[in-house]
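The block underneath contains the structure these notes are about, expressed in structure tokens.
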Amino acid sequence: MSPRTRLWVLACGVAGVAALLAVTVWRLPPFGGARHPYGERAVEAALASRVANAVASVNFDQRAFDTLGEQAILFGSVLGTVVVLRQTRDERRVEPEPAGVAGPVRRYALIALPVVLLTGVYVVAHGQLSPGGGFQGGVVAATGLHLLYVAVDYRALKRVRSVHLFTLADAAGEAGYLLLGTGGLLAGTAYLTDVLPLGTFGTLASGGTVPLLNAAIGVEVAAAVVVLLARFLDQAIEIVTSGEEGDRAPGTDGAPGTGGARPAGGTGRADGADGPHRTGRGGAG
Amino acid sequence: MNGWLAAACALLVLGLLPALAAACTGPVLRRVLAQNLTTVLTALVLLLLAQGYARPAYGDLALVLAVLGPAGTLVFERLLAEELAASPARTPFQRLMGLAGTAAVPPVVLALAVVTDPGRATVKLLLTGCLLLAGSAVCTRALTAAWGR
Amino acid sequence: MDELPVALALLLVACAGTAAVATRDPVRQSLVLGVLGLALALLFTVLQAPDVALSQLAVGTALTPLMVLLSVRKVRRKARSERREEHE
């Protein structure tokens with residue numbers, strides 16, 4: 001297709017979308033009006049299942065299957081990042097230098113760390129009562145853990161963070177959501193139906209499966225973010241391509257042609273024959 | 001529109017817009033200080049909005065921002081250490097920004113604490129205020145210390 | 001008058017968004033991006049969508065800047081060593 005034709009196709013698409021948008025906006029109810037047909041029904045259904053936060057009811061009860069898809073997207077994208085950012089054959093690890101962090105900052109981080117983790121758990125646990133839920137709380141808790149890198153030292157983070165365990169937790173959270181859904185099938189209704197006792201409105205244990213699904217998502221998201229950042233940190237701090245200088249001067253290189261030292265740890269694996277091989281640069285200088 | 005919402009609007013116009021302008025121009029040190037100021041002011045605006053809309057649950061937003069905001073600023077402090085060390089010396093304007101980040105917290109939080117019914121909500125509000133104060137003070141100190149290094 | 005907070009939040013988002021686009025250096029851009037995230041959280045709050053605002057705060061405050069800056073660090077290190085290699 002020539003660039004000119006492509007431009008015409010694009011113009012047709014843009015014009016079509018613009019026309020549809022214009023028609024839709026014309027027929028929209030006025031901004032911030034008093035009539036919300038969908039909202040009224042959603043709130044009614046939320047109150048019927050004793051979930052105080054109507055948004056949580058929509059996400060984890062009325063539209064729980066959509067949320068399953070959304071968290072599968074997160075799971076898949078983290079998986080993809082782990083594969084793309086893995087240690088390849090021509091890369092090796094260098095030990096990062098310890099960082100000099102000022103005393104007050106370090107003390108603040110060590111005091112704030114449990115507070116942040118607790119806030120994350122609080123946000124997850126109150127998902128059915130107030131704004132928040134598994135996703136938000138999971139991200140808060142995972143970010144809190146990285147205070148260790150930001151304000152203490154990378155090695156302190158590495159000591160408490162077993163990437164292997166967090167990978168397992170990621171999968172367990174994802175599986176937990178799937179398995180909680182089958183409760184509906186066992187009870188003889190549809191997948192992901194809220195079949196548990198609903199509890200008292202406005203308490204932590206209200207809403208049947210909603211808090212449980214929130215907890216599963218919380219585990220999955222927190223673990224996913226930790227695994228994701230672990231790969232980013234690996235690449236930015238530890239892993240260097242042969243010939244590239246790390247945070248510290250590299251040690252003795254491997255023989256030319258083999259592309260430096262062999263990958264350390266279990267994450268490195270030899271990649272296939274395709275892909276740009278830049279072997280031999282380590283000794284080429 | 002009640003007084004709390006008016007206060008939120010005033011803080012947004014008089015505090016957040018200038019802080020945004022400061023975050024978009026000048027040397028990196030000034031930008032990061034302005035980013036720190038923005039997080040504090042946003043948390044305060046969120047607290048005022050929660051009171052203005054009479055929805056105490058909105059206070060959770062300010063709590064989350066109070067714990068994550070300093071983490072965000074420390075990310076910049078840690079990963080931009082070179083740029084921060086190369087920034088020109090501190091100006092009075094930067095000192096003013098650091099001061100505003102801590103000085104703005106007590107009046108707003110105390111005013112809100114007076115009108116809140118004593119109970120768990122007050123504890124959460126005061127906790128948010130303490131976290132904001134401590135976080136902002138630590139970040140400002142860390143940033144100005146980074147300049148000397 | 002009741003829509004004043006919405007109008008002001010929209011104004012803040014417009015200013016921060018324009019500034020984020022106009023900043024070319026990725027490091028400085030990540031700072032403006034952080035401020036834009038806060039402005040968006042305010043906008044979602046005044047539009048009575050606190051769940052969305054909380055998501056925005058959780059992701060935009062520390063996580064996005066950390067990922068952007070780590071990527072910048074990796075790319076710059078790579079570019080520096082490649083430049084040095086050309087000189088040799």
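The values are calculated or read from the model by the stated rules, or taken from the named source; none is laboratory data. Since we're looking at a predicted model, the values are computed, not measured. Note that each Cβ is placed from the backbone with ideal geometry, even for glycine, and that neighbours are counted across all protein chains shown. SASA here: full protein model, heavy atoms, side chains in, ligands and nucleic acids out. Shrake-Rupley method; radii C 1.70, N 1.55, O 1.52, S 1.80 Å.
Tabulated values for the structure
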| quantity | calculated |
| --- | --- |
| Residue check for B:LEU5: within 10 Å of chain C (Cβ to nearest Cβ), more than 13 Å from the chain's Cα centre (by Cα), more than 20 Å from B:ALA71 (Cβ to Cβ) and surrounded by fewer than 21 Cβ atoms within 10 Å (Cβ to Cβ) | yes |
| Of all residues making up region A:187-212, the number that are assigned to a helix (DSSP H, G or I) and either open to solvent by less than 70 Å² (accessible area, probe 1.4 Å) or at pLDDT below 90 (or both) | 2 |
| Every pair of residues 6+ apart whose Cβ atoms lie under 6 Å, when the first sits in region A:196-220 and is more than 30 Å from A:HIS164 (Cβ to Cβ) while the second is buried (at least 22 other Cβ atoms within 10 Å of the Cβ) and of a type in the set (A, V, I, L, M) | A:GLY207/A:VAL51; A:VAL210/A:VAL51; A:VAL210/A:ALA56 |
| Sole exception among (1) closer than 17 Å to A:GLY133 by Cα; (2) within 18 Å of the chain's Cα centre (by Cα) for A:ASP61, by number | (2) |
| So C:LEU47, is it hydrophobic (A, V, I, L, M, F, W, C) and within 14 Å of chain A (Cβ to nearest Cβ) | yes |
| Test: C:ALA39 is within 8 Å of chain B (Cβ to nearest Cβ) and either over 17 Å from B:CYS24 (Cβ atoms) or among the small types (Gly, Ala, Ser) (or both) | yes |
| Residue under evaluation A:ALA190, criteria (1) under 30 Å from C:ARG80 (Cβ atoms); (2) free of Cβ contacts under 8 Å to residues at least 24 places away in the same chain, criterion not met | (1) |
| Listing of helices (runs of 4 or more DSSP H) fully contained in region A:1-104 that carry 1 or more residues being in contact (Cβ under 8 Å) with a residue 24 or more places away in the chain, of a type in the set (A, V, I, L, M) and surrounded by fewer than 17 Cβ atoms within 10 Å (Cβ to Cβ) | A:37-48, A:64-84 |
| Scan of region A:105-151 for residues that are open to solvent by less than 20 Å² (accessible area, probe 1.4 Å) and among the aromatic types (Phe, Trp, Tyr), ordered by number | A:TYR149 |
| Enumeration of residues in region C:50-88 that are within 7 Å of chain A (Cβ to nearest Cβ) and β-branched (Val, Ile, Thr) | C:VAL59 |
| Residues of region C:56-88 that turn out to be within 15 Å of A:LEU228 (Cα to Cα) and open to solvent by 40 Å² or more (accessible area, probe 1.4 Å), as a count | 5 |
| Of the criteria (1) open to solvent by 70 Å² or more (accessible area, probe 1.4 Å); (2) at pLDDT 95 or above, which one C:ALA16 fails | (1) |
| From the options A:ALA249, A:ALA224, residue that is under 29 Å from A:SER162 (Cα atoms), within 14 Å of chain C (Cβ to nearest Cβ), modelled with pLDDT of 90 or more and out of contact with any strand residue (DSSP E or B) (no Cβ under 7 Å at 6 or more places or on another chain) | A:ALA224 |
| Filter result for the condition that a residue is of a type outside the set (Phe, Trp, Tyr) and out of contact with any Gly (no Cβ under 9 Å at 6 or more places or on another chain), over A:GLU95, A:GLU91, A:GLU44 | A:GLU44 |
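Rundown of residues vs (1) touching a residue at least 40 places away in the same chain (Cβ under 8 Å); (2) within 14 Å of chain A (Cβ to nearest Cβ); (3) not charged (D, E, K, R), yes/no style:
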site: B:LEU12; (1), (2), (3): no, no, yes
site: B:ARG31; (1), (2), (3): no, no, no
site: B:ARG55; (1), (2), (3): no, yes, no
site: B:TYR58; (1), (2), (3): no, yes, yes
site: B:GLU83; (1), (2), (3): yes, no, no
